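One structure is given below, encoded as structure tokens.
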Amino acid sequence: MAYSMEAFDVLVIGCGFCGSVIARRQAEKGKKMLVLERRSHIAGNMFDEYDDNNILVHRYGPHTFHTNIAAVYTFITQYGEWDDYVLKCATDLDGVLSPVPFNFETIDLLYEKTDATELKHRLRKRYSGRETVTIVELLECEDVLIKKYAEKLFELDYRPYTAKQWGVEPKDILPEVLRRVPVRLSYVNAYFDDEYQCVPKHGYTRFFENLLDHNNIQVELNTNALDFLKADVDSGQISFNGKHLDIPVVYTGALDELLEYRYGRLPYRSLRFDYQTKNIDSFQGSAVTAYPKAKGYTRITEYKKLPLQDVAGVTTVAYEYPLRSDGEAGDEPYYPILTEENTSVYEKYKRDAERIQNLFVCGRLADYQYYNMDAAVKRAFEVENKII
Ligand SMILES: Cc1cc2nc3c(=O)[nH]c(=O)nc-3n(C[C@H](O)[C@H](O)[C@H](O)COP(=O)(O)OP(=O)(O)OC[C@H]3O[C@@H](n4cnc5c(N)ncnc54)[C@H](O)[C@@H]3O)c2cc1C
């Protein structure tokens, strides 16, 4: 590499939320930061850009920021303007478009009026004081009417969607995954409930440019850190270009890759996006609509609605196809597959990583966790605090 590591106090691998937040916070403390990013752009999975229709699209899937953590919101709003944005999603239940998470409107759409009234009454009574319940709870409910409603939702949506998204039967997925999309006990129609819900006014890439704009931060794109860096568990040391490296190394890539797959590959689900231009003003009512029973794809995002963009006569939509990630080039690891077996393999990698004192792992890949963006920022705060 053209530059010498002696000029830097901390090496960061990966330029998504975790890497960039740590780089910025350390830079503010006077540390010289080198950030290596394998891709040709900053912003990790939040990367967005204008397409040929002059519509801002998120290249790695639709992203809206939502959090209840005031410190995270205060942090991100220092680096650019954010617009309030409440994401509304729909799902196609055998031709009936329902809000998702399911709410009382779903019941009105699926049932005759008398049955709908009775079901809503029973749900209110049984789960009095609660805003949402999980599908797992509803499926276990002793009230036959409620249980039947849960089974209907499960068959129309959760089962086919989960099977397609994860490539396995729901019984093989940890319950946390099924619990992620709750069922509402009201008419509230919003995908998230968090206090702060927003999108960056000028897009995520611009936001990351601001975040990384500091004299103490140097970013190198198109650079796979693992071409230079080696983590040796037995000696507890890291080397870079064959030389011992004793500065802190923040690693936000996949841990199995760093440790040369010594316990095998950690499985991920990947995604393929099929972008299409439609010469119409509007393609679908919501920014994101799920199609649990469609062949191959799980959902369609209409980007001019995320955020709202004033472009007439044309719209860009992205069909989202889940697929298995087998580590091939261009086959991005998106979602860790959180089965007990996989998490126990991950724990072995984690224990090994802990033997290297100047290695700090952080992020959705390195922690083998599904993090929303706010959780990624919070995790970055925690890890950054440990760097001396
Ligand atoms: C389809 C989809 C939609 C999502 N939507 C939302 C949403 O609406 N709201 C929300 O809050 N969250 C959402 N998320 C989650 C969000 O993407 C994550 O929270 C975020 O990406 C976590 O940031 P990170 O820094 O951990 O990882 P990343 O953003 O993936 O950054 C890691 C970076 O490390 C780089 N890297 C890896 N290995 C190397 C290496 N060897 N050398 C150099 N660089 C390397 C990668 O190229 C990558 O750029 C979504 C996730 C997906 C998959």
Report yes if some residue within region 233-243 is within 14 Å of the ligand (Cβ to nearest atom), surrounded by 18 or more Cβ atoms within 10 Å (Cβ to Cβ) and closer than 27 Å to residue 373 by Cα; otherwise report no.
-> no
Would you check if residue 346 is closer than 14 Å to residue 17 by Cα, hydroxyl-bearing (Ser, Thr, Tyr) and either buried (at least 18 other Cβ atoms within 10 Å of the Cβ) or within 13 Å of the ligand (Cβ to nearest atom) (or both)? no
Mind checking whether some residue in region 272-280 is away from the ligand (no atom under 16 Å from the Cβ), within 27 Å of residue 156 (Cβ to Cβ) and out of contact with any Leu (no Cβ under 7 Å at 6 or more places or on another chain)? yes
> Residue check: is residue 113 touching a residue at least 40 places away in the same chain (Cβ under 8 Å) and of a type in the set (D, E, K, R)?
Replying inline: no
Per the filter on region 212-229, residues surrounded by 13 or more Cβ atoms within 10 Å (Cβ to Cβ) and within 12 Å of the ligand (Cβ to nearest atom) are 219, 220, 221, 223, 224, 225, 226, 228, 229
Among residues of region 368-388 being near the ligand (Cβ under 8 Å from one of its atoms) and at pLDDT 95 or above, the residue farthest from residue 335 (Cα to Cα) is 380
How many residues of region 1-36 are crowded, with 18+ Cβ neighbours inside 10 Å and over 26 Å from residue 74 (Cβ atoms)? The answer is 5
Within region 27-46, the residues that are in contact (Cβ under 8 Å) with a residue 60 or more places away in the chain and away from the ligand (no atom under 15 Å from the Cβ) are 27, 28, 30, 31, 32
Exactly one of 92, 108 is out of contact with any Cys (no Cβ under 7 Å at 6 or more places or on another chain), of a type in the set (Asp, Glu) and over 30 Å from residue 371 (Cβ atoms), and that one is 108
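The values are calculated or read from the model by the stated rules, or taken from the named source; none is laboratory data. Because the structure is a prediction, the values reported are computed rather than measured. Every residue, glycine among them, receives a Cβ derived from its backbone with ideal geometry; neighbour counts consider all protein chains shown.
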